Amino acid sequence: MPQRPLTRRAIPANPIFMGLDFSTQGLKATFIDAAGQVLAEPSVLFDTDLPAFKTEGGVHHHADGLTVTAPPLMWVAALDLILARMQKENLPLAKVAAISGSGQQHGSVYLRCGARARLGALDSRLTLRDQLQDVFAFDAAPVWMDSSTSRQCRERDTALGGAQAVAELTGSRSYERFTGNQIAKIYQQHPKAYAATDHIALVSSFTASLLIGTYAPIEPGDGAGMNLMNIRTRRWAPAALRCTAPGLAKRLGPIVPSHKVVGHLSRYFSDRCGFAPHTQVIAFSGDNPNSLAALGLARSGDIAISLGTSDTVFGALSAPKPSATEGHIFGNPINPQGYMALICYKNGSLTREAVRNEFARGSWKAFEAALARTPSGNGGRIGFYFKEPEITPTVLKPVIYRFGPDGRPTRFTPEQNVRAVVEGQYLSMRLHGNNIGLVPQKILATGGASVNKSLLQVMADVFGTPVHVSSQPNSASLGAAYRALHGWHCARARGFVPFEKVVRAAASFTPAAEPDRAKHRIYTAMLKRYADMEKRVISISAQSVRGQGRDISGA
Ligand code: 5FX
(Lines give C-alpha, C1' and ligand atoms only; values in the text may rest on other atoms or scores of the structure.)
Protein backbone atom coordinates (compact mmCIF):
# COMPACT_ATOMS: atom_id res chain seq x y z
CA MET A 1 0.00 0.00 0.00
CA PRO A 2 1.71 3.25 -1.07
CA GLN A 3 2.17 5.77 1.69
CA ARG A 4 2.34 9.49 1.25
CA PRO A 5 3.50 11.88 3.94
CA LEU A 6 0.70 13.61 5.78
CA THR A 7 1.41 17.27 6.41
CA ARG A 8 -0.74 20.32 7.00
CA ARG A 9 -0.18 21.24 3.35
CA ALA A 10 -1.74 17.91 2.31
CA ILE A 11 -4.72 17.88 4.64
CA PRO A 12 -7.36 15.63 3.12
CA ALA A 13 -10.76 17.23 2.62
CA ASN A 14 -12.36 14.34 4.51
CA PRO A 15 -11.91 13.27 8.11
CA ILE A 16 -9.08 10.96 9.03
CA PHE A 17 -8.91 8.06 11.52
CA MET A 18 -6.25 6.85 13.90
CA GLY A 19 -5.37 3.41 15.24
CA LEU A 20 -2.98 3.11 18.19
CA ASP A 21 -1.25 -0.19 18.85
CA PHE A 22 0.34 -0.72 22.27
CA SER A 23 2.23 -3.92 21.43
CA THR A 24 4.73 -5.70 23.66
CA GLN A 25 7.72 -3.84 22.25
CA GLY A 26 6.37 -0.45 21.27
CA LEU A 27 3.58 1.91 20.36
CA LYS A 28 2.59 2.57 16.78
CA ALA A 29 -0.08 4.84 15.34
CA THR A 30 -1.64 4.35 11.92
CA PHE A 31 -3.51 7.23 10.26
CA ILE A 32 -5.90 6.40 7.43
CA ASP A 33 -8.29 8.40 5.31
CA ALA A 34 -11.98 7.55 4.88
CA ALA A 35 -11.10 5.21 2.02
CA GLY A 36 -8.77 3.25 4.28
CA GLN A 37 -5.58 4.53 2.64
CA VAL A 38 -2.61 4.65 5.05
CA LEU A 39 -1.33 8.21 5.47
CA ALA A 40 1.27 8.16 8.24
CA GLU A 41 2.65 5.72 10.85
CA PRO A 42 4.68 7.29 13.67
CA SER A 43 6.00 4.95 16.36
CA VAL A 44 7.89 4.61 19.65
CA LEU A 45 10.08 1.70 20.79
CA PHE A 46 9.95 1.11 24.52
CA ASP A 47 13.51 -0.19 25.11
CA THR A 48 15.32 2.48 23.14
CA ASP A 49 12.98 5.48 23.27
CA LEU A 50 12.16 5.10 26.97
CA PRO A 51 15.36 3.57 28.42
CA ALA A 52 14.59 4.79 31.95
CA PHE A 53 12.10 1.93 32.30
CA LYS A 54 14.91 -0.59 31.71
CA THR A 55 12.77 -3.05 29.73
CA GLU A 56 14.03 -5.80 27.47
CA GLY A 57 11.67 -6.28 24.54
CA GLY A 58 9.22 -4.05 26.42
CA VAL A 59 9.04 -6.27 29.52
CA HIS A 60 10.77 -7.22 32.75
CA HIS A 61 11.56 -10.91 33.24
CA HIS A 62 11.59 -11.76 36.95
CA ALA A 63 14.07 -14.02 38.72
CA ASP A 64 11.63 -16.95 39.09
CA GLY A 65 11.75 -17.44 35.30
CA LEU A 66 7.96 -17.41 35.15
CA THR A 67 6.82 -13.92 36.07
CA VAL A 68 6.89 -11.30 33.30
CA THR A 69 5.60 -7.75 33.80
CA ALA A 70 5.74 -4.31 32.22
CA PRO A 71 5.54 -0.91 33.91
CA PRO A 72 2.16 0.66 33.01
CA LEU A 73 3.68 4.14 33.45
CA MET A 74 5.87 3.30 30.43
CA TRP A 75 2.74 2.99 28.26
CA VAL A 76 1.64 6.42 29.55
CA ALA A 77 5.06 7.87 28.72
CA ALA A 78 4.93 6.26 25.28
CA LEU A 79 1.65 8.05 24.59
CA ASP A 80 3.25 11.37 25.63
CA LEU A 81 6.15 10.70 23.29
CA ILE A 82 4.17 9.60 20.25
CA LEU A 83 1.84 12.61 20.59
CA ALA A 84 4.89 14.90 20.70
CA ARG A 85 6.24 13.19 17.57
CA MET A 86 2.90 13.63 15.79
CA GLN A 87 2.96 17.34 16.58
CA LYS A 88 6.57 17.64 15.47
CA GLU A 89 5.67 15.96 12.18
CA ASN A 90 2.82 18.46 11.79
CA LEU A 91 0.16 15.78 11.48
CA PRO A 92 -3.27 17.41 11.17
CA LEU A 93 -4.65 16.01 14.40
CA ALA A 94 -7.71 18.29 14.24
CA LYS A 95 -8.91 16.22 11.28
CA VAL A 96 -9.04 12.98 13.30
CA ALA A 97 -12.71 12.03 13.57
CA ALA A 98 -12.30 8.78 15.51
CA ILE A 99 -9.59 6.80 17.27
CA SER A 100 -9.50 3.14 18.17
CA GLY A 101 -6.72 1.05 19.53
CA SER A 102 -5.05 -2.22 20.23
CA GLY A 103 -3.22 -3.60 23.23
CA GLN A 104 -1.14 -6.71 23.80
CA GLN A 105 -3.73 -9.16 25.10
CA HIS A 106 -4.20 -10.39 28.69
CA GLY A 107 -2.04 -7.71 30.41
CA SER A 108 -3.78 -5.99 33.32
CA VAL A 109 -3.50 -2.58 34.97
CA TYR A 110 -4.60 -1.96 38.57
CA LEU A 111 -5.80 1.57 39.26
CA ARG A 112 -6.15 2.83 42.81
CA CYS A 113 -9.06 4.82 44.23
CA GLY A 114 -8.89 8.37 42.91
CA ALA A 115 -7.51 7.35 39.50
CA ARG A 116 -10.76 8.10 37.68
CA ALA A 117 -10.85 11.65 39.04
CA ARG A 118 -7.21 12.16 38.09
CA LEU A 119 -7.86 10.97 34.51
CA GLY A 120 -10.75 13.40 34.23
CA ALA A 121 -8.83 16.46 35.44
CA LEU A 122 -5.56 16.41 33.53
CA ASP A 123 -3.66 19.68 33.17
CA SER A 124 -2.70 20.23 29.53
CA ARG A 125 0.49 22.11 30.53
CA LEU A 126 1.96 18.91 31.98
CA THR A 127 2.76 15.49 30.52
CA LEU A 128 0.51 12.51 31.22
CA ARG A 129 3.47 10.79 32.85
CA ASP A 130 3.98 13.61 35.35
CA GLN A 131 0.34 13.50 36.38
CA LEU A 132 -0.29 9.76 36.48
CA GLN A 133 2.75 8.46 38.39
CA ASP A 134 0.78 7.46 41.46
CA VAL A 135 -2.54 6.20 40.08
CA PHE A 136 -1.41 2.56 40.08
CA ALA A 137 -2.13 0.08 42.86
CA PHE A 138 0.74 -1.97 41.32
CA ASP A 139 3.66 -0.49 39.43
CA ALA A 140 4.01 -3.72 37.47
CA ALA A 141 1.40 -5.00 35.06
CA PRO A 142 1.46 -8.76 34.43
CA VAL A 143 1.64 -9.37 30.66
CA TRP A 144 0.92 -12.21 28.23
CA MET A 145 4.41 -13.72 28.58
CA ASP A 146 3.79 -14.47 32.27
CA SER A 147 3.43 -18.16 33.19
CA SER A 148 3.43 -17.86 36.98
CA THR A 149 -0.22 -18.71 37.77
CA SER A 150 -0.44 -22.50 37.35
CA ARG A 151 -1.82 -22.79 40.88
CA GLN A 152 -4.60 -20.28 40.18
CA CYS A 153 -5.42 -22.10 36.92
CA ARG A 154 -5.88 -25.39 38.77
CA GLU A 155 -8.05 -23.62 41.36
CA ARG A 156 -10.24 -22.25 38.54
CA ASP A 157 -10.53 -25.72 36.97
CA THR A 158 -11.63 -27.18 40.29
CA ALA A 159 -14.14 -24.42 41.01
CA LEU A 160 -15.73 -24.49 37.56
CA GLY A 161 -15.83 -28.27 36.94
CA GLY A 162 -12.68 -29.01 34.97
CA ALA A 163 -10.70 -27.74 32.00
CA GLN A 164 -13.39 -28.46 29.39
CA ALA A 165 -16.04 -26.69 31.51
CA VAL A 166 -13.78 -23.60 31.77
CA ALA A 167 -13.28 -23.68 28.00
CA GLU A 168 -17.03 -24.08 27.30
CA LEU A 169 -17.83 -21.14 29.56
CA THR A 170 -15.03 -18.71 28.70
CA GLY A 171 -13.73 -19.86 25.28
CA SER A 172 -10.38 -21.14 26.58
CA ARG A 173 -9.22 -23.51 29.27
CA SER A 174 -7.42 -21.85 32.17
CA TYR A 175 -4.22 -20.34 30.83
CA GLU A 176 -1.48 -18.89 33.02
CA ARG A 177 -1.36 -15.58 31.14
CA PHE A 178 -5.13 -15.05 31.12
CA THR A 179 -6.11 -12.04 33.19
CA GLY A 180 -8.50 -13.78 35.62
CA ASN A 181 -5.69 -16.02 36.84
CA GLN A 182 -3.36 -13.03 37.16
CA ILE A 183 -6.01 -11.18 39.18
CA ALA A 184 -6.47 -14.23 41.44
CA LYS A 185 -2.71 -14.33 42.09
CA ILE A 186 -2.60 -10.63 42.94
CA TYR A 187 -5.60 -10.94 45.24
CA GLN A 188 -3.98 -13.91 47.03
CA GLN A 189 -0.48 -12.48 47.29
CA HIS A 190 -1.22 -8.77 47.77
CA PRO A 191 -4.65 -8.55 49.45
CA LYS A 192 -4.08 -4.97 50.66
CA ALA A 193 -3.18 -3.69 47.22
CA TYR A 194 -6.15 -5.56 45.75
CA ALA A 195 -8.41 -3.89 48.33
CA ALA A 196 -6.99 -0.51 47.29
CA THR A 197 -7.72 -1.23 43.61
CA ASP A 198 -10.68 0.74 42.30
CA HIS A 199 -10.55 -0.50 38.71
CA ILE A 200 -8.87 -3.29 36.76
CA ALA A 201 -8.25 -2.58 33.09
CA LEU A 202 -6.72 -4.52 30.22
CA VAL A 203 -3.87 -2.84 28.34
CA SER A 204 -6.44 -1.97 25.67
CA SER A 205 -9.07 -0.47 27.97
CA PHE A 206 -6.40 1.27 30.09
CA THR A 207 -4.98 3.12 27.11
CA ALA A 208 -8.51 4.02 25.93
CA SER A 209 -9.14 5.36 29.46
CA LEU A 210 -6.17 7.70 29.11
CA LEU A 211 -7.83 9.19 26.03
CA ILE A 212 -11.38 9.58 27.31
CA GLY A 213 -10.46 10.75 30.82
CA THR A 214 -12.44 8.07 32.65
CA TYR A 215 -12.50 4.26 32.87
CA ALA A 216 -13.15 2.81 29.40
CA PRO A 217 -15.10 -0.46 29.14
CA ILE A 218 -13.70 -3.77 27.86
CA GLU A 219 -15.05 -5.33 24.61
CA PRO A 220 -15.54 -9.04 23.77
CA GLY A 221 -12.44 -9.49 21.56
CA ASP A 222 -10.06 -8.71 24.42
CA GLY A 223 -12.50 -9.61 27.25
CA ALA A 224 -12.41 -13.23 26.07
CA GLY A 225 -8.72 -13.40 27.01
CA MET A 226 -9.43 -13.34 30.73
CA ASN A 227 -11.14 -16.68 31.58
CA LEU A 228 -13.87 -14.46 33.07
CA MET A 229 -16.31 -13.70 30.22
CA ASN A 230 -19.12 -15.99 29.07
CA ILE A 231 -18.05 -16.45 25.45
CA ARG A 232 -21.63 -16.87 24.18
CA THR A 233 -23.43 -14.07 26.06
CA ARG A 234 -20.37 -11.76 26.00
CA ARG A 235 -21.03 -10.82 29.63
CA TRP A 236 -18.99 -11.53 32.75
CA ALA A 237 -19.63 -15.10 33.95
CA PRO A 238 -20.61 -14.76 37.65
CA ALA A 239 -19.15 -18.18 38.59
CA ALA A 240 -15.83 -17.28 36.95
CA LEU A 241 -15.69 -13.96 38.80
CA ARG A 242 -16.58 -15.59 42.14
CA CYS A 243 -13.69 -18.06 42.02
CA THR A 244 -11.20 -15.28 41.15
CA ALA A 245 -11.45 -12.52 43.75
CA PRO A 246 -14.20 -10.70 45.70
CA GLY A 247 -15.77 -7.50 44.40
CA LEU A 248 -14.51 -8.14 40.89
CA ALA A 249 -17.58 -7.15 38.82
CA LYS A 250 -17.48 -3.58 40.08
CA ARG A 251 -13.73 -3.36 39.50
CA LEU A 252 -14.06 -4.57 35.90
CA GLY A 253 -16.97 -2.41 34.74
CA PRO A 254 -19.21 -3.35 31.79
CA ILE A 255 -18.47 -5.14 28.51
CA VAL A 256 -19.60 -3.25 25.40
CA PRO A 257 -19.72 -4.18 21.69
CA SER A 258 -16.43 -3.62 19.88
CA HIS A 259 -17.82 -1.00 17.49
CA LYS A 260 -19.19 1.20 20.29
CA VAL A 261 -18.10 4.79 20.97
CA VAL A 262 -16.79 4.56 24.56
CA GLY A 263 -16.31 8.31 24.92
CA HIS A 264 -14.86 11.43 23.36
CA LEU A 265 -11.26 12.53 23.55
CA SER A 266 -10.77 14.42 26.81
CA ARG A 267 -10.08 18.12 26.76
CA TYR A 268 -6.45 17.50 27.67
CA PHE A 269 -5.72 16.28 24.12
CA SER A 270 -7.48 19.09 22.30
CA ASP A 271 -5.81 21.72 24.49
CA ARG A 272 -2.35 20.16 24.37
CA CYS A 273 -2.14 18.60 20.90
CA GLY A 274 -4.86 20.21 18.80
CA PHE A 275 -7.25 17.30 18.38
CA ALA A 276 -10.89 18.29 17.80
CA PRO A 277 -12.84 18.17 21.09
CA HIS A 278 -15.54 15.88 19.64
CA THR A 279 -13.12 13.17 18.44
CA GLN A 280 -14.77 9.81 19.05
CA VAL A 281 -12.98 6.98 20.82
CA ILE A 282 -14.15 3.52 19.73
CA ALA A 283 -13.63 0.57 22.14
CA PHE A 284 -9.99 -0.59 22.11
CA SER A 285 -9.42 -4.32 21.57
CA GLY A 286 -6.56 -6.82 21.75
CA ASP A 287 -3.79 -7.04 19.16
CA ASN A 288 -5.04 -10.31 17.69
CA PRO A 289 -8.67 -9.18 17.25
CA ASN A 290 -7.32 -6.00 15.65
CA SER A 291 -5.12 -8.03 13.30
CA LEU A 292 -8.25 -9.94 12.29
CA ALA A 293 -9.93 -6.60 11.55
CA ALA A 294 -6.95 -5.49 9.45
CA LEU A 295 -7.48 -8.53 7.25
CA GLY A 296 -11.26 -8.05 7.18
CA LEU A 297 -11.84 -11.61 8.42
CA ALA A 298 -15.49 -11.19 9.43
CA ARG A 299 -16.62 -14.70 8.43
CA SER A 300 -15.24 -18.25 8.41
CA GLY A 301 -12.83 -19.07 5.58
CA ASP A 302 -9.30 -17.81 5.24
CA ILE A 303 -6.86 -18.04 8.09
CA ALA A 304 -4.03 -15.73 8.98
CA ILE A 305 -0.61 -16.63 10.34
CA SER A 306 1.17 -13.77 12.00
CA LEU A 307 4.91 -14.24 12.39
CA GLY A 308 5.90 -11.84 15.13
CA THR A 309 7.29 -11.73 18.66
CA SER A 310 4.55 -14.24 19.34
CA ASP A 311 3.43 -16.32 16.36
CA THR A 312 -0.33 -16.59 16.04
CA VAL A 313 -2.70 -18.55 13.82
CA PHE A 314 -6.22 -17.15 13.65
CA GLY A 315 -9.42 -16.94 11.67
CA ALA A 316 -13.12 -16.12 11.98
CA LEU A 317 -15.60 -18.81 13.06
CA SER A 318 -19.37 -18.81 13.37
CA ALA A 319 -19.78 -22.00 15.43
CA PRO A 320 -16.89 -22.23 17.87
CA LYS A 321 -15.78 -25.43 19.57
CA PRO A 322 -13.88 -24.38 22.68
CA SER A 323 -11.30 -26.97 23.63
CA ALA A 324 -9.71 -28.06 26.88
CA THR A 325 -6.44 -28.63 25.06
CA GLU A 326 -6.21 -26.24 22.14
CA GLY A 327 -6.19 -22.51 21.58
CA HIS A 328 -8.72 -19.82 22.24
CA ILE A 329 -12.11 -18.57 21.12
CA PHE A 330 -12.45 -14.77 21.28
CA GLY A 331 -15.23 -12.40 20.27
CA ASN A 332 -14.88 -11.21 16.67
CA PRO A 333 -14.37 -7.42 16.85
CA ILE A 334 -15.94 -6.77 13.44
CA ASN A 335 -18.90 -9.13 13.70
CA PRO A 336 -20.83 -8.82 17.00
CA GLN A 337 -22.42 -12.27 16.56
CA GLY A 338 -19.22 -13.94 15.38
CA TYR A 339 -16.13 -15.45 16.95
CA MET A 340 -12.48 -15.81 16.17
CA ALA A 341 -10.24 -18.78 16.93
CA LEU A 342 -6.62 -18.24 17.82
CA ILE A 343 -3.57 -20.29 18.65
CA CYS A 344 -0.67 -18.45 20.20
CA TYR A 345 3.01 -19.36 20.42
CA LYS A 346 5.50 -17.59 22.63
CA ASN A 347 8.38 -18.98 20.61
CA GLY A 348 8.03 -16.93 17.44
CA SER A 349 10.53 -14.54 15.90
CA LEU A 350 12.89 -14.40 18.88
CA THR A 351 13.31 -18.17 18.75
CA ARG A 352 13.88 -18.20 14.97
CA GLU A 353 16.41 -15.43 15.50
CA ALA A 354 18.15 -17.37 18.29
CA VAL A 355 18.54 -20.37 15.96
CA ARG A 356 19.72 -18.05 13.17
CA ASN A 357 22.30 -16.50 15.52
CA GLU A 358 23.59 -19.84 16.78
CA PHE A 359 23.51 -21.87 13.56
CA ALA A 360 23.51 -19.40 10.65
CA ARG A 361 26.07 -16.78 11.75
CA GLY A 362 23.28 -14.35 12.62
CA SER A 363 22.42 -13.85 8.96
CA TRP A 364 19.03 -14.43 7.28
CA LYS A 365 20.88 -15.05 4.03
CA ALA A 366 22.83 -17.90 5.61
CA PHE A 367 19.60 -19.12 7.24
CA GLU A 368 17.85 -19.25 3.85
CA ALA A 369 20.86 -20.97 2.28
CA ALA A 370 20.74 -23.62 5.02
CA LEU A 371 17.05 -24.17 4.29
CA ALA A 372 17.80 -24.53 0.60
CA ARG A 373 20.56 -27.11 1.26
CA THR A 374 18.37 -29.40 3.40
CA PRO A 375 15.55 -31.63 2.13
CA SER A 376 11.89 -31.05 3.01
CA GLY A 377 11.16 -33.27 5.99
CA ASN A 378 14.78 -32.94 7.22
CA GLY A 379 15.41 -36.65 6.63
CA GLY A 380 12.89 -37.50 9.37
CA ARG A 381 14.48 -35.23 11.99
CA ILE A 382 12.10 -33.28 14.22
CA GLY A 383 13.03 -30.50 16.64
CA PHE A 384 11.22 -28.56 19.36
CA TYR A 385 12.77 -25.19 20.19
CA PHE A 386 11.40 -23.58 23.34
CA LYS A 387 13.57 -20.59 24.11
CA GLU A 388 10.68 -19.25 26.21
CA PRO A 389 8.20 -21.30 28.23
CA GLU A 390 5.61 -22.26 25.58
CA ILE A 391 1.84 -21.87 25.48
CA THR A 392 1.12 -24.30 22.59
CA PRO A 393 1.78 -26.94 23.83
CA THR A 394 2.24 -26.12 27.50
CA VAL A 395 5.97 -26.38 28.24
CA LEU A 396 6.91 -24.39 31.31
CA LYS A 397 10.68 -24.58 31.01
CA PRO A 398 12.84 -23.26 28.15
CA VAL A 399 14.43 -26.29 26.51
CA ILE A 400 15.36 -27.76 23.13
CA TYR A 401 14.54 -31.32 22.02
CA ARG A 402 15.94 -32.93 18.90
CA PHE A 403 14.82 -36.33 17.62
CA GLY A 404 16.32 -38.40 14.81
CA PRO A 405 14.38 -40.45 12.22
CA ASP A 406 14.37 -43.40 14.65
CA GLY A 407 12.64 -41.24 17.28
CA ARG A 408 15.71 -41.18 19.53
CA PRO A 409 17.29 -37.97 20.90
CA THR A 410 20.16 -36.91 18.69
CA ARG A 411 22.41 -34.06 17.58
CA PHE A 412 21.68 -31.96 14.49
CA THR A 413 24.07 -30.20 12.15
CA PRO A 414 23.67 -26.39 12.04
CA GLU A 415 21.69 -26.70 8.79
CA GLN A 416 19.42 -29.36 10.22
CA ASN A 417 18.72 -27.08 13.19
CA VAL A 418 17.65 -24.30 10.83
CA ARG A 419 15.22 -26.54 8.95
CA ALA A 420 13.97 -28.17 12.13
CA VAL A 421 12.94 -24.92 13.81
CA VAL A 422 10.96 -23.77 10.77
CA GLU A 423 9.29 -27.10 10.00
CA GLY A 424 8.53 -27.77 13.68
CA GLN A 425 6.77 -24.43 14.06
CA TYR A 426 4.54 -24.94 11.01
CA LEU A 427 3.77 -28.58 11.77
CA SER A 428 2.64 -27.46 15.20
CA MET A 429 0.42 -24.75 13.68
CA ARG A 430 -1.15 -27.24 11.29
CA LEU A 431 -1.73 -29.81 14.04
CA HIS A 432 -3.19 -27.46 16.64
CA GLY A 433 -5.06 -25.28 14.12
CA ASN A 434 -6.91 -28.31 12.74
CA ASN A 435 -7.95 -29.24 16.25
CA ILE A 436 -9.97 -26.03 16.72
CA GLY A 437 -11.43 -25.80 13.24
CA LEU A 438 -8.77 -23.65 11.57
CA VAL A 439 -8.36 -25.55 8.30
CA PRO A 440 -7.09 -23.13 5.65
CA GLN A 441 -8.08 -22.83 1.99
CA LYS A 442 -5.69 -19.93 1.77
CA ILE A 443 -3.22 -18.45 4.28
CA LEU A 444 -2.67 -14.75 4.78
CA ALA A 445 0.81 -14.31 6.27
CA THR A 446 1.50 -11.16 8.28
CA GLY A 447 3.97 -9.96 10.89
CA GLY A 448 7.62 -8.93 10.64
CA ALA A 449 8.97 -12.34 9.52
CA SER A 450 6.46 -12.60 6.66
CA VAL A 451 8.94 -10.70 4.47
CA ASN A 452 11.10 -13.84 4.43
CA LYS A 453 10.15 -15.75 1.26
CA SER A 454 11.79 -19.03 2.19
CA LEU A 455 9.85 -19.17 5.46
CA LEU A 456 6.65 -18.68 3.45
CA GLN A 457 7.51 -21.47 1.00
CA VAL A 458 7.89 -23.99 3.84
CA MET A 459 4.56 -22.71 5.23
CA ALA A 460 2.82 -23.31 1.87
CA ASP A 461 4.35 -26.80 1.62
CA VAL A 462 3.43 -27.82 5.18
CA PHE A 463 -0.20 -26.63 4.88
CA GLY A 464 -0.64 -27.49 1.19
CA THR A 465 -2.29 -24.11 0.49
CA PRO A 466 -1.24 -20.91 -1.25
CA VAL A 467 0.27 -18.23 0.99
CA HIS A 468 -0.45 -14.55 0.40
CA VAL A 469 1.25 -11.58 2.06
CA SER A 470 0.10 -8.13 2.99
CA SER A 471 1.94 -4.98 2.07
CA GLN A 472 1.40 -3.98 5.74
CA PRO A 473 3.86 -5.99 7.83
CA ASN A 474 2.38 -5.03 11.19
CA SER A 475 -1.37 -5.17 11.11
CA ALA A 476 -2.75 -4.49 14.61
CA SER A 477 -2.49 -0.70 14.35
CA LEU A 478 -4.02 -0.79 10.86
CA GLY A 479 -6.85 -2.96 12.20
CA ALA A 480 -7.40 -0.44 14.98
CA ALA A 481 -7.55 2.38 12.40
CA TYR A 482 -10.08 0.40 10.35
CA ARG A 483 -12.13 -0.17 13.51
CA ALA A 484 -12.06 3.57 14.22
CA LEU A 485 -13.50 4.14 10.74
CA HIS A 486 -16.03 1.34 11.22
CA GLY A 487 -17.14 2.55 14.67
CA TRP A 488 -17.52 6.08 13.33
CA HIS A 489 -19.82 4.81 10.55
CA CYS A 490 -21.82 2.73 13.06
CA ALA A 491 -22.25 5.81 15.28
CA ARG A 492 -23.45 7.87 12.32
CA ALA A 493 -25.89 5.12 11.33
CA ARG A 494 -26.95 4.69 14.98
CA GLY A 495 -26.55 0.92 14.65
CA PHE A 496 -24.25 -1.80 13.39
CA VAL A 497 -23.09 -1.46 9.79
CA PRO A 498 -21.36 -4.49 8.20
CA PHE A 499 -17.61 -3.90 8.38
CA GLU A 500 -16.97 -4.81 4.75
CA LYS A 501 -19.48 -2.19 3.57
CA VAL A 502 -17.52 0.70 5.05
CA VAL A 503 -13.95 -0.64 5.16
CA ARG A 504 -13.44 -1.70 1.59
CA ALA A 505 -9.71 -1.17 1.70
CA ALA A 506 -8.90 -4.17 3.93
CA ALA A 507 -5.19 -4.80 3.43
CA SER A 508 -4.32 -5.78 -0.11
CA PHE A 509 -2.71 -9.19 -0.50
CA THR A 510 -0.37 -10.58 -3.08
CA PRO A 511 0.47 -14.25 -3.74
CA ALA A 512 3.82 -15.19 -2.16
CA ALA A 513 4.12 -18.99 -2.31
CA GLU A 514 2.37 -21.94 -3.95
CA PRO A 515 2.53 -25.38 -2.32
CA ASP A 516 4.65 -28.12 -3.82
CA ARG A 517 2.36 -31.20 -3.75
CA ALA A 518 5.18 -33.75 -3.33
CA LYS A 519 6.62 -31.81 -0.37
CA HIS A 520 3.16 -31.44 1.12
CA ARG A 521 2.80 -35.24 1.10
CA ILE A 522 6.07 -35.53 3.04
CA TYR A 523 4.73 -33.15 5.71
CA THR A 524 1.36 -34.89 5.88
CA ALA A 525 3.13 -38.17 6.55
CA MET A 526 5.28 -36.44 9.18
CA LEU A 527 2.36 -34.94 11.11
CA LYS A 528 1.44 -38.08 13.07
CA ARG A 529 5.07 -38.59 14.17
CA TYR A 530 5.25 -34.93 15.11
CA ALA A 531 2.10 -35.25 17.26
CA ASP A 532 3.49 -38.36 19.00
CA MET A 533 6.80 -36.66 19.71
CA GLU A 534 5.07 -33.57 20.99
CA LYS A 535 3.27 -35.78 23.55
CA ARG A 536 6.65 -37.14 24.66
CA VAL A 537 8.06 -33.64 24.92
CA ILE A 538 5.13 -32.48 27.06
CA SER A 539 5.57 -35.41 29.38
CA ILE A 540 9.39 -35.09 29.68
CA SER A 541 9.07 -31.37 30.23
CA ALA A 542 6.38 -31.78 32.93
CA GLN A 543 8.67 -34.23 34.78
CA SER A 544 11.60 -31.90 34.41
CA VAL A 545 9.60 -28.99 35.87
CA ARG A 546 8.80 -31.23 38.85
CA GLY A 547 12.55 -31.83 39.17
CA GLN A 548 12.56 -35.49 38.05
CA GLY A 549 13.20 -35.22 34.35
CA ARG A 550 16.13 -34.81 32.07
CA ASP A 551 16.60 -32.49 29.15
CA ILE A 552 17.58 -33.95 25.85
CA SER A 553 19.10 -31.05 24.10
CA GLY A 554 22.07 -32.21 22.07
CA ALA A 555 23.24 -29.52 19.66
C1 5FX B 1 -2.60 -14.04 22.50
O2 5FX B 1 -3.38 -14.89 23.29
C3 5FX B 1 -1.33 -13.67 23.13
O4 5FX B 1 -1.05 -13.99 24.26
C5 5FX B 1 -0.35 -12.83 22.36
O6 5FX B 1 -0.57 -12.90 20.97
C7 5FX B 1 -0.40 -11.41 22.82
O8 5FX B 1 -1.64 -10.86 22.49
C9 5FX B 1 0.76 -10.64 22.21
F10 5FX B 1 0.63 -9.37 22.45
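The values are calculated or read from the model by the stated rules, or taken from the named source; none is laboratory data. All figures in this text were calculated on a predicted structure; none of them were measured in a lab. A quick note on method: Cβ atoms are made from the backbone with ideal geometry, for glycine too, and the neighbour counts reach across all protein chains shown. Keep in mind that these areas ignore ligands, DNA and RNA; they rest on the heavy atoms of the full protein, side chains included. Shrake-Rupley method; radii C 1.70, N 1.55, O 1.52, S 1.80 Å.
So the values come out like this:
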item: T413 paired with R242, simple spin-label distance in nm, labels 7 Å along Cα-to-beta-carbon; result: 6.3 nm
item: Placed amide H near H199: partners under 5 Å, 5+ positions off or other chain; result: L111
item: Point-to-point label distance, V451-N434, nm (Cα→Cβ direction, 7 Å offset); result: 3.4 nm
item: Distant-in-sequence amide H partners of G263 (H built 1.01 Å from N, under 5 Å); result: V281
item: DSSP-loop trypsin sites (Lys or Arg not before Pro) across segment 314-396, with at most 14 other Cβ within 10 angstrom; result: R361
item: Sites N90 and S124 - FRET efficiency at Förster radius 25 Å, r taken between beta-carbons, to 0.05; result: 0.85
item: Dipole magnitude (debye, nearest 20) for segment 166-292, charges at Cβ of Lys, Arg, Asp, Glu; result: 300 debye
item: Distance between segment 189-259 and segment 355-406 - C-alpha centres, whole angstrom; result: 39 Å
item: Of V418, M86, Q543, farthest towards positive along the dipole that unit charges on Lys, Arg, Asp, Glu beta carbons give the chain; result: Q543
item: For F509, distant residues with modelled amide H under 5 Å away; result: none
item: Vicinal HN-Hα couplings computed from phi for segment 445-450 (Karplus, 6.51 cos²θ - 1.76 cosθ + 1.60; Hz; Gly/Pro x); result: 9, 9, x, x, 7, 6
item: Computed [θ] at 222 nm, helices only, for the chain once each DSSP H run of length n ≥ 4 contributes -39500 (n - 2.57); result: -11000 deg cm²/dmol
item: Antiparallel bridge percentage (DSSP; both residues within the chain; nearest 5); result: 75 percent
item: R517/Q37 FRET efficiency (R0 51 Å; Cβ-Cβ; nearest 0.05); result: 0.85
item: Integer Hz, Karplus 6.51/-1.76/1.60 couplings in order for segment 121-134, x for Gly and Pro; result: 10, 6, 9, 5, 7, 10, 6, 4, 4, 5, 9, 10, 4, 10
item: Table column - 3J(HN,Hα) (Hz), segment 253-268, Karplus curve with 6.51, -1.76, 1.60, x for Gly and Pro; result: x, x, 10, 10, x, 5, 8, 7, 6, 9, x, 10, 4, 6, 4, 3
item: Solvent-accessible area per residue for the chain (1.4 angstrom probe, square angstrom); result: 37 Å²
